[in-house]
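Shown next, in structure tokens, is the structure this report addresses.
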Amino acid sequence: MATAPETELNRALELIRRGDYRRAQLVLQRLTFEFAPGQPEVAAARYYLAESYFQLGDRVQAAHEYRKVADEFPASEYAPLALLRAGDANLRLWRRAELDPTYGEAALSIYQELAGRYPDSDAAARARPHVRRLQNQFAEKTYKNGMFYLRRKAYDSAIIYFKEVIANYPDAALAPAALLRLVDSYRAIGYTDELQETCAHLRRFYPQTPGLVKSCPADTTATSS
């Protein structure tokens, strides 16, 4: 007599608990075709199938399978976990951050999607440290690009990068520094209105920033030393 899919799912979960991901994967791959499309067990089978790929080192396939869980079963308990793990899979794939940020950007985007769709979930809470770290990493990379151009007095290019830090990573540790460097750039090319607006933004949102008083004196048009 054929074994019921529900029994096979429990067997696969036991294999996963024992760390036997290869055998669990074979069972779960079969189960994704045996459950009826509307059965709640399908979400569990697909989630743990994705987890088996992740644990066996196939992070690309894992990310794809996690994504399917989140998109096809958005109301299930597995959806927020799937987004978390999809972000984790992309983060593990980000090996050459200095050359290709694609996987890191994908991870950050997925974690932010998780926060937007399931803000009160445990999965969203677990993703927050990753979000902060990724934002700081990308902000630092962008800030360094801005400093490269600022040192070469290519102020228009520097401004683009500093603005990108502020627009895309406003909570990053380097956001106040990027605003100060915007002040320096605007002062160097005589953009008085932009300088005053940036100083006002700094005073309002980052009043404790080191160097603020020097860069933004009462007369913001004055030349800083």
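The values are calculated or read from the model by the stated rules, or taken from the named source; none is laboratory data. In this text the structure is predicted, and so the values were computed from the model without any measurement. Ideal geometry is used to build each Cβ from the backbone, glycine not excepted, and the neighbour counts take in all protein chains shown.
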For residue 39, are the conditions met, namely being of a type in the set (S, T, N, Q), surrounded by fewer than 23 Cβ atoms within 10 Å (Cβ to Cβ) and either touching a strand residue (DSSP E or B) at 6+ places or on another chain (Cβ under 7 Å) or assigned to a helix (DSSP H, G or I) (or both)? no
Quick one: which residue in 107, 79 is crowded, with 21+ Cβ neighbours inside 10 Å, within 14 Å of residue 48 (Cα to Cα) and free of Cβ contacts under 8 Å to residues at least 40 places away in the same chain? 79
Report, by residue number, each residue of the stretch 114-144 that is closer than 14 Å to residue 88 by Cβ and either among the β-branched types (Val, Ile, Thr) or surrounded by 16 or more Cβ atoms within 10 Å (Cβ to Cβ) (or both). 114, 123, 124, 126, 127, 130, 131, 134
Picking from 115, 139, which residue would you name as being in the same structural domain as residue 189 (by TED's automatic domain parsing), touching a helix residue (DSSP H, G or I) at 6+ places or on another chain (Cβ under 7 Å), hydrophobic (A, V, I, L, M, F, W, C) and closer than 30 Å to residue 58 by Cα? 139
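To keep it simple, each residue is scored yes or no on (1) closer than 23 Å to residue 57 by Cβ; (2) basic (Lys, Arg); (3) modelled with pLDDT of 90 or more.
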{"position": "10", "(1), (2), (3)": "no, no, yes"}
{"position": "18", "(1), (2), (3)": "yes, yes, yes"}
{"position": "37", "(1), (2), (3)": "no, no, no"}
{"position": "44", "(1), (2), (3)": "yes, no, yes"}
Does the stretch 91-99 include one or more residues that are aromatic (Phe, Trp, Tyr), surrounded by 14 or more Cβ atoms within 10 Å (Cβ to Cβ), under 15 Å from the mean Cα position of the chain (by Cα) and assigned to a loop (DSSP other than H, G, I, E, B)? yes
Suppose we keep only residues that are in contact with a Lys or Arg (Cβ under 9 Å, 6 or more places away or on another chain) and not basic (Lys, Arg) within the stretch 65-76. Which one would you say is surrounded by the most Cβ atoms within 10 Å (Cβ to Cβ)? 66
For the stretch 183-203, does any single residue satisfy the condition of being closer than 26 Å to residue 129 by Cβ and surrounded by 13 or more Cβ atoms within 10 Å (Cβ to Cβ)? no
Checklist (1) more than 17 Å from residue 168 (Cβ to Cβ); (2) modelled with pLDDT of 95 or more applied to residue 115, failing item: (1)
Would you check which residues across the stretch 57-77 are within 11 Å of residue 46 (Cβ to Cβ) and of a type in the set (A, V, I, L, M, F, W, C) and list them? 69, 70, 73
Condition check for residue 45: touching a helix residue (DSSP H, G or I) at 6+ places or on another chain (Cβ under 6 Å), aliphatic (A, V, I, L, M) and closer than 20 Å to residue 124 by Cβ: no
List the number of the failed condition for residue 40; all other conditions in (1) of a type outside the set (Phe, Trp, Tyr); (2) out of contact with any helix residue (DSSP H, G or I) (no Cβ under 9 Å at 6 or more places or on another chain); (3) closer than 24 Å to residue 133 by Cα hold. (3)
Residue within the stretch 55-64 that is on the phi > 0 side of the Ramachandran plot, free of Cβ contacts under 8 Å to residues at least 24 places away in the same chain and not polar (S, T, N, Q) present: yes
For the stretch 67-78, check the following and say yes or no: at least one residue is part of a loop (DSSP other than H, G, I, E, B), under 18 Å from residue 9 (Cα atoms), in the same structural domain as residue 22 (by TED's automatic domain parsing) and in contact with a Ser or Thr (Cβ under 8 Å, 6 or more places away or on another chain). no
